[in-house]
Amino acid sequence: MSVRHCWVVCCVLLVAGVPTAEAQEDAQLQSPSAFLGYELGEQFTPHHRVVDYVRHVTAHSPAATVRQHGTTPEGRPLLLTTLTTPRNHERIDTIRRSNLKRAGQVDGTPQADVAVAWLSYNVHGDEPAPTEAALKTLHALADTSTARPDGVRASLENTVVLLDPCLNPDGRARYTQWFRETVGTAANPDPPAREHHPPWASGRTNHYYFDLNRDWAWGVQPETRARLNAYHRWMPNVHVDYHEMGVENPYYFAPGAEPYHENLTDWQRTFQETVGRHNARIFDRNGWLYFTKEVYDLLYPGYGDTWPLFNGAVGMTYEQGGGARAGRAVTTNGDTLTLAERLSHHHATALSTVEVVAAHRAEVLRAFATYHESAQEDPPGRYRTYVVHRQGEGGRVAALAQLLDRQHIQYEYVRETARVRGYSYREGTMERTRIQRGDLLVHAAQPKGRLVKVLFEPKTTVVDSAAYDITAWGLPYAYGVNAHAVPERVDVTTTTTPPISGSTALSADRPYAYAITWRSRADARFVGALLQAGVRLRVATKGFTVDDQSYETGTLLALRADNESPAFDDTVRGLARRHEQRLHALETGLTEQGPDLGASSVRTVDRPRVALLAGAPMRLERVGEVWHFFEQTIEYPVTLLPPDDFDASMLDNVDVLVLPDGDYDDWLAGARASAITRWVRNGGRLIALGDANAALAERPSYHLSSRTSSGAVRGDTTGTGARSGDETPSAPGSIHRVELDSSHPLTFGLDGPYFTLKRDTEAYTLSKADGWAAGALMTAAPVSGVMGTEAQQAVEGSVLFGTQKLGDGRVVYLVDNPLFRGFWYSGHVLFSNAVFMGGR
Ligand SMILES: [Zn+2]
């Protein structure tokens with residue numbers, strides 16, 4: 001008997017928490033099979049049936065409640081069930097608040113000593129076994145009948161289990177629906193069968209093709225935002241994120257692999273080992289294969305294990321061999337791996353983990369409290385206060401504050417001026433700086449002190465360079481704000497009330513022009529709204545001064561001369577109010593410095609009709625970033641074009657075409673390539689991202705040239721696959737300072753220097769004849785994160801952003817992805833320039 005067949009028998013005998021059918025007949029609570037009408041593993045449970053079963057369980061068990069914490073972009077509910085004894089349910093708020101007190105989120109002494117373990121399933125929609133396992137575990141924990149083994153009952157007396165059966169319902173629905181319509185009457189275990197080969201777009205990601213298991217630190221997606229809120233209502237002590245990996249692998253559980261982030265505590269490491277030993281005992285007993293300590297590093301803070309770790313929990317990833325290549329059954333290593341087997345392993349580790357948490361409850365609670373107390377009393381790292389300067393930053397500081405709010409990180413606004421010495425993110429040196437009213441302060445000494453350090457430290461501490469995801473993400477770089485990390489605590493008077501920024505109280509009723517700043521994503525959204533409302537805008541390509549007030553390059557102008565509609569003032573003012581944007585009323589077109597407002601350098605901004613190639617062979621997540629940017633971030637219409645069916649006529653009503661990162665080798669050729677070039681020559685604006693640049697570089701008419709050597713890291717490999725680090729890229733993702741040509745429209749509002757997240761060693765030059773570089777990598781050494789010396793040599797001096805005139809149109813080359821995972825805020829300003837300021 002093979003290992004996999006053996007366990008079916010052994011599992012029933014040995015794994016705790018498998019209730020018998022007889023016992024359920026007495027109670028109203030039904031098992032998953034009784035409720036759904038099939039045994040778990042026989043088919044994929046559609047998400048709406050998952051929801052039905054969760055509602056059934058919580059309606060019929062005194063041990064379970066459910067709360068909807070959010071809704072997906074496609075309208076599916078996000079659910080969190082609470083599982084514990086009926087007695088604990090009676091005081092559930094006391095238990096919850098006690099935990100928040102230990103986490104420093106609520107004042108006072110904890111009144112209850114109950115541990116909290118959170119189980120998360122199916123964050124990757126095409127790794128479907130976890131949700132099936134969740135149903136089994138949900139039933140086992142909710143069943144209060146005598147059928148429930150003593151172990152489970154005893155565990156729940158001092159533990160609350162929070163179970164989210166599906167973190168990514170839209171992705172799961174995409175996968176399971178596809179599978180349902182693709183499979184025949186019986187599952188076909190033959191690996192070449194089409195049911196093992198999901199099409200573009202796979203169900204891994206959410207509706208906008210974002211990998212939700214990269215988003216915990218940023219909360220770009222609605223699923224993450226809702227989950228962060230729910231998480232902060234509890235602050236669990238232990239968090240398990242359930243996944244599947246390649247079919248050829250057996251089962252993986254904690255402890256994780258190096259590199260660990262230096263801010264994981266000894267206790268977090270030790271307890272991972274305790275849990276691992278307990279899981280191993282059950283797997284040993286059943287003769288199941290497993291491995292630990294490999295592959296999954298704990299560095300990047302956007303994962304479902306690292307983020308909880310940086311929030312005091314013991315965060316762990318459990319991976320079952322399977323996923324989309326496994327269907328309901330697949331032949332692998334001469335054996336057949338079934339969905340039923342996959343889900344049973346995940347069920348076993350869930351019960352095992354709950355058991356080990358319960359057994360170590362006192363230690364778990366003590367260590368959890370200590371984690372947050374020590375962060376308050378003796379925060380890690382060399383900096384005590386991070387200062388974010390408000391001067392000239394407009395909406396960016398407010399946007400950063402929103403991220404801090406999502407993360408429950410405390411911050412304050414300065415009320416008096418002071419001088420301090422700190423590390424300048426922009427200059428990379430210690431220097432004296434002036435703190436002013438309205439500057440934002442984040443102190444390291446706070447319950448979330450470790451997360452603060454992880455997100456703010458100017459240089460990531462990486463123990464081992466074999467990281468598999470990006471190695472740097474410092475928020476001041478990402479947001480493009482002027483900030484200092486100060487070694488001493490900055491003690492000045494502060495307030496929690498943000499300074500008032502938006503104001504439309506204008507001196508003149510009918511000004512000559514309205515001036516609009518161009519610094520932030522909020523500005524881009526406002527400008528997009530004005531253009532959609534039919535307001536005609538111009539952009540000042542040089543700075544100017546009117547009424548002693550200076551306006552920077554990139555300032556937008558709504559001139560009365562361009563807008564004869566009687567509704568002009570109401571439209572502009574109304575939209576400014578709705579977008580909380582500040583307007584400046586100018587009563588004259590005559591400037592004191594710089595060109596007058598009627599000068600030719602004050603150029604018309606068109607209202608571009610934007611299209612994006614969305615489909616194979618483009619990269620799913622990279623397409624999603626662009627789509628999400630338009631639809632959700634700046635709320636500007638975008639038409640998604642099908643690359644498969646593409647033909648020239650599709651560009652007839654398009655002004656801006658975005659070529660996302662993808663595999664263009666075959667796609668950008670022949671008639672398609674000619675059609676696109678012709679369209680550019682006729683006035684189109686082409687924006688190339690990622691490998692679209694490489695494809696254009698190989699074509700005539702385009703003046704970008706690749707100088708990439710054969711050993712370079714090609715394209716986008718950062719953390720897109722399963723988290724398996726078989727290769728060691730020399731450019732996993734690091735932050736670099738970019739010198740900008742501040743007269744280039746791509747740099748408007750960026751107030752350089754710009755910091756780019758560099759994730760490959762593609763290197764280009766741009767011919768000076770028709771090309772215009774906006775930003776180049778003059779210093780290859782990263783300001784934060786890891787990049788190998790060879791990689792540095794490869795990219796030094798290369799062009800990162802630039803434009804080229806082609807006929808009546810323009811090509812915008814964006815070599816480094818400014819929209820990566822939707823969190824590189826200043827990249828959004830850069831990309832907005834490409835869309836609105838690229839010029840014709
Ligand atoms: Zn996964």
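The values are calculated or read from the model by the stated rules, or taken from the named source; none is laboratory data. It should be emphasised that the depicted structure is a prediction, and the values quoted were computed from it without experimental measurement. Cβ coordinates were reconstructed from backbone atoms using ideal geometry, including for glycine residues, and neighbour counts include every protein chain displayed. The protein model used for the area step is the full one, side chains on, heavy atoms only, and it has no ligands, DNA or RNA in it. Shrake-Rupley method; radii C 1.70, N 1.55, O 1.52, S 1.80 Å.
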- Item | Residue list for segment 743-789, restricted to those being among the polar types (S, T, N, Q), in a loop (DSSP other than H, G, I, E, B) and either in contact with a His (Cβ under 9 Å, 6 or more places away or on another chain) or modelled with pLDDT of 95 or more (or both) | SER767, THR779
- Item | Check on PRO165, away from the ligand (no atom under 16 Å from the Cβ) and over 18 Å from the mean Cα position of the chain (by Cα) | no
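Just a yes or no: is a residue in segment 647-658 part of a loop (DSSP other than H, G, I, E, B) and under 23 Å from the mean Cα position of the chain (by Cα)?
No, segment 647-658 has no match at all.
So which of LEU403, LEU343, LEU365 is away from the ligand (no atom under 16 Å from the Cβ), in contact (Cβ under 8 Å) with a residue 24 or more places away in the chain and either crowded, with 21+ Cβ neighbours inside 10 Å or assigned by TED's automatic domain parsing to the domain that holds ASP751 (or both)? Walk me through how you get there before you give the answer.
Numbers: LEU403 fails: either crowded, with 21+ Cβ neighbours inside 10 Å or assigned by TED's automatic domain parsing to the domain that holds ASP751 (or both); LEU343 fails: away from the ligand (no atom under 16 Å from the Cβ).
The conditions single out LEU365.
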- Task: May I ask you to say which residue of ASP469, ASP464 is at pLDDT below 90 and either farther than 18 Å from LEU264 by Cβ or open to solvent by less than 10 Å² (accessible area, probe 1.4 Å) (or both)?
- Result: ASP469
- Of the residues SER520, SER503, which single one is open to solvent by less than 50 Å² (accessible area, probe 1.4 Å), over 27 Å from SER600 (Cα atoms) and at pLDDT below 95? SER503
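Considering only residues that are among the polar types (S, T, N, Q) and outside any strand (DSSP E or B), look in segment 599-643 and name the one that is surrounded by the fewest Cβ atoms within 10 Å (Cβ to Cβ).
SER600
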- For segment 191-209, what are the residues that are open to solvent by less than 10 Å² (accessible area, probe 1.4 Å) and within 14 Å of the ligand (Cβ to nearest atom)? GLY203, THR205, ASN206
- Item | Hits in segment 299-337 (condition: basic (Lys, Arg) and away from the ligand (no atom under 16 Å from the Cβ)) | ARG328
- Query: Is it true that HIS408 is open to solvent by 10 Å² or more (accessible area, probe 1.4 Å), modelled with pLDDT of 95 or more and within 21 Å of the chain's Cα centre (by Cα)?
  - Reply: yes
- Being farther than 14 Å from HIS69 by Cβ, assigned to a helix (DSSP H, G or I) and of a type outside the set (D, E, K, R), is that true of even one residue in segment 242-255? no
- Query: Is it the case that segment 266-278 has a residue that's of a type outside the set (Asp, Glu), farther than 30 Å from GLY41 by Cβ and touching a Lys or Arg at 6+ places or on another chain (Cβ under 7 Å)?
  - Reply: no
- Note on the structure: Given the conditions (1) assigned to a loop (DSSP other than H, G, I, E, B); (2) touching a helix residue (DSSP H, G or I) at 6+ places or on another chain (Cβ under 6 Å); (3) polar (S, T, N, Q), every one holds for GLN320 apart from (1)
- Message: Here are the criteria: (1) at negative phi; (2) under 31 Å from the mean Cα position of the chain (by Cα); (3) away from the ligand (no atom under 16 Å from the Cβ); (4) small (Gly, Ala, Ser). Tell me which single one GLY219 does not satisfy.
- Response: (1)
- Output the residue which, of all residues in segment 85-135 that are away from the ligand (no atom under 16 Å from the Cβ) and at positive phi, is surrounded by the most Cβ atoms within 10 Å (Cβ to Cβ). GLY104
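Among the candidates PHE801, PHE748, which residue alone is under 26 Å from GLN532 (Cβ atoms) and open to solvent by less than 10 Å² (accessible area, probe 1.4 Å)?
From the options PHE801, PHE748, the qualifying one is PHE748.
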- Across segment 219-232, what is the number of residues that are touching a helix residue (DSSP H, G or I) at 6+ places or on another chain (Cβ under 7 Å) and more than 15 Å from THR205 (Cβ to Cβ)? 3
- Note on the structure: Taking segment 351-395 and keeping only residues that are under 30 Å from THR555 (Cβ atoms) and either under 26 Å from the mean Cα position of the chain (by Cα) or not in a loop (DSSP other than H, G, I, E, B) (or both), one is left with TYR386, VAL387, VAL388, HIS389, ARG390, GLU393, GLY394, GLY395
- Query: Within segment 202-236, restricting attention to residues that are of a type in the set (Gly, Ala, Ser) and at pLDDT 95 or above, which residue is farthest from VAL114 (Cα to Cα)?
  - Reply: GLY203
- Message: Which of the numbered conditions does GLY554 fail, given that it passes all the others? Conditions: (1) in contact with a helix residue (DSSP H, G or I) (Cβ under 9 Å, 6 or more places away or on another chain); (2) open to solvent by 10 Å² or more (accessible area, probe 1.4 Å); (3) not hydroxyl-bearing (Ser, Thr, Tyr).
- Response: (2)
- Task: Could you tell me which numbered condition SER832 fails, if it satisfies all but one of (1) part of a helix (DSSP H, G or I); (2) open to solvent by 10 Å² or more (accessible area, probe 1.4 Å)?
- Result: (2)
- Item | Residue within segment 273-296 that is within 15 Å of the ligand (Cβ to nearest atom) and under 30 Å from the mean Cα position of the chain (by Cα) present | yes
- Set MET245, MET235: member being open to solvent by less than 20 Å² (accessible area, probe 1.4 Å) and within 16 Å of the ligand (Cβ to nearest atom): MET245
